[in-house]
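Okay, structure first, notes after.
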Amino acid sequence: MPSLGSSAHFAPERCMRCAFQLARAPYRPAPEPMVRLQQRLLDGRRNGVIELPDMTALDWPVVVALFDAMLGVVWFDTKPKAREQLFARIERDFDYQPFGSARESADGLSILAWMLDGWPRHTQLAFALLRASRPRRQMRRWPHLAEHERAEVEAVLLGAWPDQKHSPDRGWWRAWIETLPEPATDLRAMAKQERLSHRRQRLLALADVRDGLPVEVAAEAAGVMARTLYIWLRRGAKDGLDAALERPRWQYLTEPQAKELIEWISAASPHGPRWRYNRVVNEARSRFGVEITAHVAQAMLRRHGPWPKRMRRPKRRLTVAPVYD
């Protein structure tokens, strides 16, 4: 910027060195939650009180400490792969351009805007995706904070990620998960030593629920549906932890059961869409309580389905043209 006493022509839209028009510079459109958060900060900075969404009014120093703690959850003691999962989720929800290799202040603002949007669900999901430690341990990284600021920041984080246990009537499976002899730290340690991917996935999901995370959020962090996690919890409450970690053993249909299932498949409309194998698997489970494999279901659909058979084209053989001297 030129000095106030300068007599040169003032053109704020052009660069003083190369005369480039700044209006033509490339830009990234900011999502609406980022714009709202920035406007809240600009409006509240004048009087020193910030009103964050779904929170009480906080003083400016408390808000700065809270943002430092929330971004510290993302960057401290987390694996790059877990952070990339979080960034991909933010890009998908905000329809935001991919995070650059060099982190910018706009990226930090987008992380904060996403975690505060829909409070506290997104913050809970961020903790779960990052496999972050509990809030009381997170606050140990900020020993310089004043006592009242630390208390307010810790109260906000505990509101999203509580340490206390839920009431017994919260879920029928809660009594089993709370009486597990293995705490969440032991379950995660078992997951690190586990070679089978499905057992490792279930141990991490159960550890999140053991820590008090809602089933819906823990299931989303594990990459499964909430109904699937409820099935694991039901098996564990009935037969123990090993039953929750193991896949069910596939059973075989008896001859009358197979005949009834074939008649049900043959009665389908040939003009409707083709059935998929999971429909047959679910029907066998609901009718007979028997788990059949996808291979068996596909074979039954292929042999007894009323739909026209699909013609398979022969593979083209690639020939090499002769080379003449």
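Numbers at a glance
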| item | result |
| --- | --- |
| Positive-end extreme of charge dipole, the chain - chosen from P135, A82, A268 (charges on Cβ) | A268 |
| Neighbour-limited loop hits for GluC sites (Glu not before Pro), the stretch 108-205 (at most 16 other Cβ within 10 Å; DSSP other than H, G, I, E, B) | E194 |
| Accessible-area ranking of Y27, Y230, Y96, Y277, largest first, probe 1.4 Å | Y27, Y277, Y230, Y96 |
| Mean residue ellipticity (222 nm) of the chain, computed from DSSP H runs ≥ 4 via -39,500 (n - 2.57), nearest 500 | -16500 deg cm²/dmol |
| Accessible area of the stretch 1-110 belonging to carbon and sulfur atoms, whole % at 1.4 Å probe | 54 percent |
| Average Cα contact separation per residue, the stretch 179-319, under 8 Å, 6 or more apart, as relative contact order % | 16 percent |
| Where trypsin sites (Lys or Arg not before Pro) fall in DSSP loop in the stretch 26-125, at most 13 other Cβ within 10 Å | R46, R103 |
| Cleavage-rule hits (GluC sites (Glu not before Pro)) in the stretch 19-120: DSSP loop, at most 11 neighbouring Cβ within 10 angstrom | E104 |
| L4, L158, L52, L42, reordered so the largest accessible area comes first (probe 1.4 Å) | L4, L42, L158, L52 |
| Highest-fluctuation residue, R303, R188, R134 considered, GNM on the chain with Cα pairs under 10 Å | R303 |
| At 1.567 mPa s and 4 °C, Stokes D of the chain from Kirkwood alpha-carbon radius, µm² per second | 51 µm²/s |
| Estimated Rh, the stretch 5-114: Kirkwood, alpha-carbon pairs, angstrom | 16.7 Å |
| Relative contact order (percent, whole number), the chain, Cα cutoff 8 Å, 6+ residue spacing | 10 percent |
| Summed residue charge, Cβ within 13 Å of A151's Cβ, Lys/Arg positive, Asp/Glu negative | -3 |
| Estimated dipole of the chain in Debye, rounded to 20 [Cβ of Lys and Arg +1, of Asp and Glu -1, Cα centre] | 2000 debye |
| Gap separating the Cα centres of the stretch 65-87 and the stretch 1-63, nearest whole Å | 25 Å |
| Surface per residue (accessible, 1.4 Å probe) for the chain, Å² | 66 Å² |
| C-alpha center-to-center spacing [the stretch 242-283, the stretch 126-149] in angstrom | 49 Å |
| Among A151, A69, A268, residue whose mean-square fluctuation peaks in a GNM of the chain (springs only between Cα atoms under 10 Å) | A268 |
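The values are calculated or read from the model by the stated rules, or taken from the named source; none is laboratory data. Just so it is clear, the structure is predicted and the values come from calculations on it, not from any experiment. So basically every Cβ, Gly included, is an ideal-geometry build from the backbone, and we count neighbours across all protein chains shown. Only protein heavy atoms, including side chains, enter the accessible area calculation; ligands, DNA and RNA are left aside. Shrake-Rupley method; radii C 1.70, N 1.55, O 1.52, S 1.80 Å.
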